[in-house]
1. Is it the case that some residue within region 63-86 is in contact with a strand residue (DSSP E or B) (Cβ under 8 Å, 6 or more places away or on another chain) and either part of a helix (DSSP H, G or I) or within 11 Å of ligand 1 (Cβ to nearest atom) (or both)?
2. State all residues of region 36-62 that are surrounded by 19 or more Cβ atoms within 10 Å (Cβ to Cβ) and part of a helix (DSSP H, G or I); if no residue qualifies, say none.
3. Taking only region 153-188 into account, find how many residues are more than 22 Å from Asp46 (Cβ to Cβ) and among the polar types (S, T, N, Q).
4. Looking at region 37-89, which of its residues are within 20 Å of Ser113 (Cα to Cα) and basic (Lys, Arg)?
5. Please pick out the residue among Leu115, Leu131 that is crowded, with 17+ Cβ neighbours inside 10 Å, near ligand 1 (Cβ under 8 Å from one of its atoms) and assigned to a helix (DSSP H, G or I).
6. Farther than 19 Å from Asn147 by Cα and free of Cβ contacts under 8 Å to residues at least 12 places away in the same chain: does that describe Asp50?
7. Can you name the condition, by its number, that Tyr142 falls short on among (1) surrounded by 19 or more Cβ atoms within 10 Å (Cβ to Cβ); (2) over 15 Å from His76 (Cβ atoms)?
8. Ile150: within 13 Å of ligand 1 (Cβ to nearest atom) and of a type in the set (Val, Ile, Thr), yes or no?
Amino acid sequence: MFKLPNVFAATLLGAALVAGTAQADGHKYGFGAPASAEEIAGWDIDIRPDGLGLPVGSGNAMDGEAEYEALCAACHGVFGEGEGRWPVLAGGEGTLTDERPIKTVGSYWPYTSTLFDYIRRSMPFPAPMSLTDQQVYNITAYVLYLNEIIEEDFELSNENLATIRLPNEENFFVDDRPDAKNPRCMADCLNPDEMMLAASLSGVTPIGHFVEGADAPAGSHEAQHELEAQKEAERKAEITGEEVQADHGDAAPAALSEAAQAGESVYNGACAVCHGSGLAGAPKVGDSAAWVDRIAQGNDVMIQNALQGFAGSTGVMPPKGGRMDLSDEAVTNAVHFMAETSR
Ligand code: HEC
Ligand code: HEC
C-alpha cells in the first residue's frame, strides 16, 4: 500500500498510453473504440492517502450505525469483532508482534483512504459497488468510530478524511533495500541437495506448520483440544482450590543432565526446524524408535556426526545443522538434550 503513489502514477501513464494507442491504432486494426471520459471515470475510482480522488460529500458514525448493522454486521460483527471466520474490523491493538496478530483497520491499516476505497469498491461482499457515496462516508465513519479513532458525531468529509491518521501508519515505509539479483548458474553449480532448507534454517521461511501440534489448519485440532481441556481443568481448580498437574504424557520425564538442560535452547533455535518434525529425514526428537540405534552408537559418534555433518540412510545432516556460528560445546549440549529426550 505504501507504493500507492507510484502505482497510481503508473496506472495513469498506462491508461494514457492505452488510450493513445487505441486512438492511433483504431483505424489500423479496424476494431475497438477510444475509451470515453465517462468510461475512464467509471474505472478511475481509487483514492490516494492524501485524499485525492474522494467524492465530494460527508457522513458520520451516528448515521452509519444502522447502515452498518443492516449491511455489514452479519459478517463483521456488531462491534467489528467478526462473526465466525469473517474478517475482524476493530480492535487488535498491540497484537502485531504476537504469533497470531489481529490485523484490523485500527491495529494494522496505514491509511483512512484505503478504508473508504475498500468499502466503496468491494463491500458489502455480496453486492460490491452498491453503496451510495453518502453511505460509504457514514459507514467509514462508523468503522473508524468502532476503532475509537473518531467520535460518534465527527462529520467525516472529503475535506478532512486524509487528516484522520491511523495508529499504525508509521510502520509502513518504503523498503529501500536494493533488489536481489540471482544470476542463473550454467556451470559448476552448487549441488541442490546441499542447498536444501537454507531459507528454513536462516528463519526466512516459516516452518511452524510442519511441526506436529502447531496451530495450523490441518492436524491442529488434537493439540487445540488438549489445550482447551487443560484450561478447563485449570478453571475448575480455581473454583475448587485443587492443584492441577499439566499432563505431559504417561511417564514422568527423566531428569535431564546439566549438559542436556543447557542444550535445550540450542536445540529449539537450531535443530528443531528438522528434528522437531522429522523434516528431510531427520530423526524426530522423542521418537525412540528413530533414535535407539543412533544412541547405541554412543554419544561420541553422534556428537562427531552432529559437528561435522554426515549423510546417513535417511537424509543429510548438515554440519552443526547449518549453524556454523554455534560453538562445538553448544552443539554437543544439544545432542545430549536430543538423545536424553528420545530414549
Ligand atoms: C457476506 C459477508 C460480508 C458482508 C455482508 C460484508 N463483508 Fe466486508 N468482508 C467480507 C469478506 C469475505 C472480506 C475479505 C475479502 C477478501 O479478503 O478478499 C471482507 C473484507 C472487508 C474489509 C477489509 C478487512 C481487512 O482487514 O482486510 C472491510 C474494511 C470490510 N470488509 C468492510 C465491510 C463493510 C463496511 C460492509 C458493509 C457495508 C461489509 N464489509 C459487508 C465479507 C463481508
Ligand atoms: C536440515 C535439517 C537438520 C538440521 C537443522 C539438524 N539436523 Fe541433525 N540430522 C538431520 C538428518 C537428516 C539426520 C539423519 C541423517 C541420517 O542418519 O541419514 C540428522 C541426524 C542427527 C543426529 C544423529 C546422528 C547419528 O549419528 O545418527 C544428531 C545427534 C543430530 N542430527 C544432531 C543435530 C543437532 C545438535 C542439530 C542442531 C545444532 C541438528 N542435528 C540440526 C538433519 C538436520
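Computed from the coordinates by the stated procedures, all read-outs in this text should not be read as laboratory data. In this text the structure is predicted, and so the values were computed from the model without any measurement. Every residue, glycine among them, receives a Cβ derived from its backbone with ideal geometry; neighbour counts consider all protein chains shown.
1. no
2. Ala61
3. Count: 2.
4. Arg48
5. Working: Leu131 fails: assigned to a helix (DSSP H, G or I).
Answer to the check: Leu115.
6. Numbers: farther than 19 Å from Asn147 by Cα: yes; free of Cβ contacts under 8 Å to residues at least 12 places away in the same chain: no.
When the stated conditions are applied, Asp50 does not pass them.
7. Here Tyr142 clears every test but (2).
8. No, not satisfied.
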